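Below is one structure, written out as structure tokens; the observations come after it.
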Amino acid sequence: MTAHRITSLDQLASLYPNPVAPASLLKEIDHVDANYAALIAASPFFVLATNGPDGLDCSPRGDQPGFVTVSDAKTLLIPDRRGNNRLDSLKNILFDNRIGMLFLIPGYGETLRVNGTAVLSSDPALCARFDMAGKLPACVMVVSVESVYFQCSRAVVRADLWNPSTQVDKRSLPSAGTILREITARAPAVETFDGEAYDKALPERVRATLY
């Protein structure tokens, strides 16, 4: 494998000799226009990439379509809904405010990529804009947009992502409780986790703590 390791731009370019299609460059702009705003408004889910002192992190973010607000062409507002309180992404933003976002829209082949910088705000008036069932986010991520562009549908088509018939029966995969039980069982200093009780309580806990 070492003999074929790619270590230079020239080596990389030799493997991809075809020129970049004009559309691949034209699609990237430095702001959110009306078309890209429509995609953001339709998306219930995006993946947030951040960088911190311990390395890179990628975290899911989801809510009802429109939960990411386009405040203006250069600004997005994102409420930080309840999670596990690890705060990996938020701590990373305090260290390095550069972020990447990948939006997905069920049934839509193209994805949307947004890159920029972010700050965290606990402004009561700003948080109040994202009230959900009487619950406010602890803070709001304010994103300054630097680049926006759609990604073609090849990855989604290859994955057959939106085909209901390809959904996996979750019973065929290890549950969260199983994973926790087996990890703790391998750690002598840690009491073995009650995975069965965890799995039994998890659905109701998720429903009760969405916001």
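Would a scan of the stretch 145-165 turn up a residue that is over 30 Å from GLU28 (Cβ atoms) and in contact (Cβ under 8 Å) with a residue 12 or more places away in the chain?
Looking through the stretch 145-165, none of the residues is over 30 Å from GLU28 (Cβ atoms) and in contact (Cβ under 8 Å) with a residue 12 or more places away in the chain.
What helices (runs of 4 or more DSSP H), lying completely within the stretch 135-211, carry at least 1 residues that are of a type outside the set (Ser, Thr, Tyr) and modelled with pLDDT under 95? Spell out the reasoning first.
Values: elements: 154-159, 176-185, 195-208.
Correct list: 176-185, 195-208.
Restricting to the stretch 106-134, give me the number of residues that are in a strand (DSSP E or B) and of a type outside the set (Ser, Thr, Tyr).
Looking only at the stretch 106-134, we keep the residues that are in a strand (DSSP E or B), and these are 111-121, 132.
This time we only want the ones that are of a type outside the set (Ser, Thr, Tyr), so: 112-116, 118-120, 132.
Residues that pass the stated criteria total 9.
Out of VAL32, VAL70, VAL47, which single residue is part of a loop (DSSP other than H, G, I, E, B), surrounded by 15 or more Cβ atoms within 10 Å (Cβ to Cβ), in contact with a strand residue (DSSP E or B) (Cβ under 8 Å, 6 or more places away or on another chain) and β-branched (Val, Ile, Thr)?
Working: VAL70 fails: part of a loop (DSSP other than H, G, I, E, B); VAL47 fails: part of a loop (DSSP other than H, G, I, E, B).
One residue alone meets the criteria, VAL32.
Just the residues that are small (Gly, Ala, Ser) and surrounded by 11 or more Cβ atoms within 10 Å (Cβ to Cβ), please, taken from the stretch 153-186.
Let us first name the residues in the stretch 153-186 that are small (Gly, Ala, Ser), namely 153, 155, 159, 165, 172, 175-177, 185.
The answer is SER153, ALA155, SER175, ALA176, GLY177, ALA185.
Residue-by-condition table, conditions (1) of a type in the set (Lys, Arg); (2) open to solvent by 80 Å² or more (accessible area, probe 1.4 Å); (3) outside any strand (DSSP E or B):
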residue: ILE40; (1), (2), (3): no, no, yes
residue: PRO60; (1), (2), (3): no, yes, no
residue: ILE78; (1), (2), (3): no, no, no
residue: SER89; (1), (2), (3): no, no, yes
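Being touching a residue at least 24 places away in the same chain (Cβ under 8 Å), open to solvent by 70 Å² or more (accessible area, probe 1.4 Å) and among the small types (Gly, Ala, Ser) is the requirement here; does ALA138 meet it?
On the way: touching a residue at least 24 places away in the same chain (Cβ under 8 Å): yes; open to solvent by 70 Å² or more (accessible area, probe 1.4 Å): yes; among the small types (Gly, Ala, Ser): yes.
Yes: the conditions hold for ALA138.
The values are calculated or read from the model by the stated rules, or taken from the named source; none is laboratory data. Owing to the predicted nature of the structure, the values given are computational and were not obtained by experimental measurement. All Cβ positions, glycine included, derive from the backbone under ideal geometry; neighbour counts span all protein chains shown. These area figures cover heavy atoms from the full protein model, side chains too; ligands, DNA and RNA do not enter into them. Shrake-Rupley method; radii C 1.70, N 1.55, O 1.52, S 1.80 Å.
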